[in-house]
Structure formats: structure tokens, C-alpha cells
Amino acid sequence: MEQLFTLLLLLVCFNFVLKQTFVSVRAMLFTTVAVCSFTYAMWPYAIEQSSTQIATWLATPTLMRDLAVVLSLDVLIQAAFCLRIARRDRSRARDNRWQRYLDVFLRFYPGFFIFPAAFSLLTACIFAFPGVDFTLVAAGVSGTLLMLLIAASFGLRRMLIDRDTRLELLFLTNVLVALIGVIVTVNGATGAVSTNNVDWRASLLVLSIAAGGAVVGCLLRRFKIKYDHNKFTRK
């Protein structure tokens, strides 16, 4: 289980670096500095960890289920970034204000699991250098990580010149992260205990939310089609 979790964190780091090849230098510096600052700030908590405690966390079904939910949301956001980039590359239409806000969020969002990956690296380095000042180890790890992330981002951009290839690779690796995340977080105890009683109130609530969302989506779609038609006829 620990080997799979390590593989998952390595894939998350690769996705983070690959994503930086699509954003501006300012956005890349912002996200990498944020990750490295987090790494340095976490040294008081990293020194309190142990391999036994980490193994206990990985064996806790409730924590693993919570991580599965967070990982699913993280993968969905990264997939939305891929789809947004693909749409912008193939469409010349101007974005409205909310679409620009969405672009800013997707570009500057580093991904949630990059922070546990950086924390795991810091913890491993503290274990690997016993007797060395903790702040010195944290500063060395964060500084080295900053240089490695920036160098890897520019290196990937030079190695994979084709933008579409990088975008497809980013999408596929996110799918792979989702699959490995399911394997890691299932932990053999995610099945719910079956009961004979049906919660009709909860079922009706789910159905009403789904029906309401379908109606609202249909109305918004019709309104957008009508708005685009009127805008086209005015021209």
C-alpha cells in the first residue's frame, strides 16, 4: 500500500510539473513558490511524524475514503483545466467575465495533492538526515524543490514541443491518478452495510435535485441559444 501511495504522489508531482508548461511564467512562479513555502512552513509538523504513524493513517478506512473524495475533486478540476485549454485553442470566441475568472482559477490552482507530496518529501528528508538542524533541512528541501520544479517545467516544455501532445499526456496521467487513487483508497473496506429499509426522504431529495438541475440546465441552454440567435441577427 505504501508503494502505491508513493507512486500516486510521484504521478501527482509529474502532473503538477506538466501543468506548468501551459501557464505563464508568472503563474508558474506563483504556484511553485506557494508549494515550496508550504514545504518550509510544515517542518514543525514533519518532525512529529513517524513511519508507524503514517502506516496507521494509510490503514484507516475513514481517512482513506475522505482522501478518495478529495482526490476525485482534484482530478475533476485538472480535467476541467485540460478541457478548457483544448476549447481555447480551437475557439476564437471571446470569453466573458466569469470564463476569465474560471481561467485564472484553473491556471493558478496547483492541485491539492501536491502539498501532501511535498510534505512527504520533507518528512523523508528529515528522517534521512538525523542530527541536522530541522530548519536547515526544511530550507534545503524547499529551495531544491523550487529549482527542480522550475527546471523540470522548462525542460518538459522543450522536450515536448507539441502543445496537443502535452495536453493529451496531462489528461491521461490524471486518469491514471484517478485509477491508482481508487486502488490506494479502497483499502478493502468501503462497502456499505446493506439494510432492508429505504430512506424515501433522501431518495426524493436526490431525485428532486436532479430534476431541478435538469430543468435549470435546459432553460439556460434555451436562453443561450435564443441570445446567440438574436445577437447574430442584429449583425
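At-a-glance table
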read-out: Residue check, LEU169 more than 30 Å from THR62 (Cβ to Cβ), in the same structural domain as LEU29 (by TED's automatic domain parsing) and either at pLDDT below 85 or assigned to a helix (DSSP H, G or I) (or both); value: yes
read-out: Residue check for VAL132: at pLDDT 85 or above, out of contact with any Phe, Trp or Tyr (no Cβ under 9 Å at 6 or more places or on another chain) and not charged (D, E, K, R); value: no
read-out: Output for the range 101-129, where each listed residue is under 19 Å from LEU167 (Cα atoms) and not in a helix (DSSP H, G or I); value: TYR109, PRO110, GLY111
read-out: Answer from ARG88, ARG97, ARG26, ARG92 - the residue that is over 13 Å from the mean Cα position of the chain (by Cα) and either modelled with pLDDT of 90 or more or surrounded by 12 or more Cβ atoms within 10 Å (Cβ to Cβ) (or both); value: ARG88
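The values are calculated or read from the model by the stated rules, or taken from the named source; none is laboratory data. None of the values given here were measured: they were computed from a predicted structure. Cβ coordinates were reconstructed from backbone atoms using ideal geometry, including for glycine residues, and neighbour counts include every protein chain displayed.
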